[in-house]
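First the structure, in the form of structure tokens, and then the observations on it.
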Amino acid sequence: MKLIDGLFDKLFEQQTRQLAQRSSRRGMLKTLGGLLVGAGSIPLLPVARAAAAESPGHPVEEGDPSSCDYWRYCAIDGFLCSCCGGSENTCPPGTEMSPVTWIGTCRNPADGRNYVISYNDCCGKSSCGACLCQRDEGDRPPYRPDKTNDINWCLGTASATYHCSTAIVVGVAFEGK
Amino acid sequence: MKTVLTILALLLATSLEAAELNPQRAQFNYQMSCQGCHAPDGSGANAVPRMRDYVGNFLSTQAGREYLVRVPGSAVSALDDAELAEVLNWIVLEFAGSSAVQPFEHYSPQEVGRLRQQPLNEVVQYRAQLLADIASANLRE
């Protein structure tokens, strides 16, 4: 028993000494102090809140992105890139995504929340011709140009030739007051 | 001690100022009414003017400050005066970056409501002249 006690004593002594050699008490205070002050300031930074709003995350989804009924297509008017060699988020090879786009909101049936959807067109090849969808919810006449899907949104791309449309989740709709 | 008190006062002032603006609501209104052309980060595209690291230039003169409200995208937008004022303040705080001018006096709904009654028609020429005036005013300083 004494032998085991002695072993334990030695082991703990050794470890304590090693720890004391590796670390400084001031260093410990500095880290702790930094953490305390840092954590206190986080809620004051508007950056943190902006970042939280910017990332809509990955909403839980259901449905088929190559069907007109897919929830993100509530305001679409065009060919689905999902049927044209691309996806609901990406352009088919050989086309360029328009940086200028029209934006609306759609309700996600999987979680009941409204999301901000950007209908970026893919441009540079002639019309895809597959999966033509026209749902037009929230579509406005061209006198409201930022809220109409009746114009060619291939703006800001090298070619103005329309090929197909994506439907990208860019945010969560603000539903407070 | 004095320094500590100053820092605390500044922090308090910043948080009070931020409270007047709801960043989530402002960003949502930006997304719905501005982002389609001005891009998520305010960088614009081709003929669409860049706001990122640039929009602050307009705030160095009164005519420039008014321009940001009178430009058609603002003046005839579907946003009401309070929403438009909030989104403009958010755009300046979020995107002015290296072009920021201090202090920035926030737009009020009343100011925005008054200015948007005079929307600009020949906006491209007006903007070019405005920027030339701002550049020569900056040179004189």
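The values are calculated or read from the model by the stated rules, or taken from the named source; none is laboratory data. Note that the structure is a prediction, hence the values are computed from the model and not measured. With ideal geometry, Cβ positions are generated from the backbone for all residues, glycine too; neighbour counts draw on all protein chains shown.
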State whether the residues of the range A:129-138 include one that is surrounded by fewer than 19 Cβ atoms within 10 Å (Cβ to Cβ) and farther than 16 Å from A:PHE79 by Cβ.
-> yes
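Answer with yes or no whether B:ASP81 is loosely packed, with under 15 Cβ neighbours inside 10 Å and either at pLDDT below 95 or not aliphatic (A, V, I, L, M) (or both). Please lay out each step first, then the result.
Working: loosely packed, with under 15 Cβ neighbours inside 10 Å: no; either at pLDDT below 95 or not aliphatic (A, V, I, L, M) (or both): yes.
No; evaluated as a whole, the condition is false for this residue.
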Output the residues belonging to the range A:100-117 that are crowded, with 19+ Cβ neighbours inside 10 Å and under 21 Å from B:PRO40 (Cα atoms).
-> A:VAL100, A:THR101, A:TRP102, A:ILE103, A:GLY104, A:THR105, A:CYS106, A:TYR115, A:VAL116, A:ILE117
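Among the listed residues A:GLY171, A:GLY156, which satisfies the condition of being free of Cβ contacts under 8 Å to residues at least 60 places away in the same chain, crowded, with 20+ Cβ neighbours inside 10 Å and under 20 Å from B:ALA45 (Cβ atoms)? Talk me through it step by step, then tell me what you get.
Values: A:GLY171 fails: free of Cβ contacts under 8 Å to residues at least 60 places away in the same chain.
Answer to the check: A:GLY156.
Consider the range A:100-139. How many of its residues are assigned to a strand (DSSP E or B) and within 14 Å of chain B (Cβ to nearest Cβ)?
Taking the range A:100-139 first, the residues assigned to a strand (DSSP E or B) are A:102-108, A:113-119, A:121-123, A:132-134.
Next cut, within 14 Å of chain B (Cβ to nearest Cβ) only: A:102-106, A:113-119, A:121, A:123.
The total comes to 14.
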Since B:TRP90 meets every condition but one in (1) on the phi < 0 side of the Ramachandran plot; (2) within 12 Å of chain A (Cβ to nearest Cβ); (3) at pLDDT below 95, which condition does it not meet?
-> (3)
Applying the selection to the range B:98-130, what residues are loosely packed, with under 15 Cβ neighbours inside 10 Å, in contact (Cβ under 8 Å) with a residue 12 or more places away in the chain and part of a helix (DSSP H, G or I)?
-> B:SER98, B:PRO109, B:GLN110
Note on the range A:75-109: residues at pLDDT below 95 and among the hydrophobic types (A, V, I, L, M, F, W, C) are A:ALA75, A:ILE76, A:VAL100, A:TRP102, A:ILE103
Matching residues, the range B:64-77, being modelled with pLDDT under 95 and either outside any loop (DSSP other than H, G, I, E, B) or touching a Phe, Trp or Tyr at 6+ places or on another chain (Cβ under 8 Å) (or both) | B:PRO72, B:GLY73
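Condition check ((1) more than 9 Å from every other protein chain (Cβ to nearest Cβ); (2) at pLDDT below 85; (3) over 24 Å from B:PRO119 (Cβ atoms)) across all residues:
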position: B:LYS2; (1), (2), (3): yes, yes, yes
position: B:CYS34; (1), (2), (3): no, no, no
position: B:ARG50; (1), (2), (3): yes, no, no
position: B:GLN62; (1), (2), (3): yes, no, no
Quick one: is B:GLY56 part of a helix (DSSP H, G or I) and at pLDDT below 95?
-> no
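If the requirement is being within 14 Å of chain A (Cβ to nearest Cβ) and farther than 28 Å from A:THR148 by Cβ, which of these qualifies: B:HIS38, B:HIS106? Steps first, please.
On the way: B:HIS38 fails: farther than 28 Å from A:THR148 by Cβ.
Of B:HIS38, B:HIS106, the one residue that is within 14 Å of chain A (Cβ to nearest Cβ) and farther than 28 Å from A:THR148 by Cβ is B:HIS106.
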Note: among A:PRO142, A:PRO65, just one is outside any strand (DSSP E or B), more than 26 Å from B:GLN24 (Cβ to Cβ) and without any contact (Cβ under 8 Å) to a residue 12 or more places away in the chain, namely A:PRO142
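Got a number for residues in the range B:55-64 being surrounded by fewer than 18 Cβ atoms within 10 Å (Cβ to Cβ) and either within 11 Å of the chain's Cα centre (by Cα) or not hydrophobic (A, V, I, L, M, F, W, C) (or both)?
Our first condition is that a residue be surrounded by fewer than 18 Cβ atoms within 10 Å (Cβ to Cβ); within the range B:55-64, this holds for B:60-63.
With either within 11 Å of the chain's Cα centre (by Cα) or not hydrophobic (A, V, I, L, M, F, W, C) (or both) added as a condition, the list becomes B:60-62.
Number of matching residues: 3.
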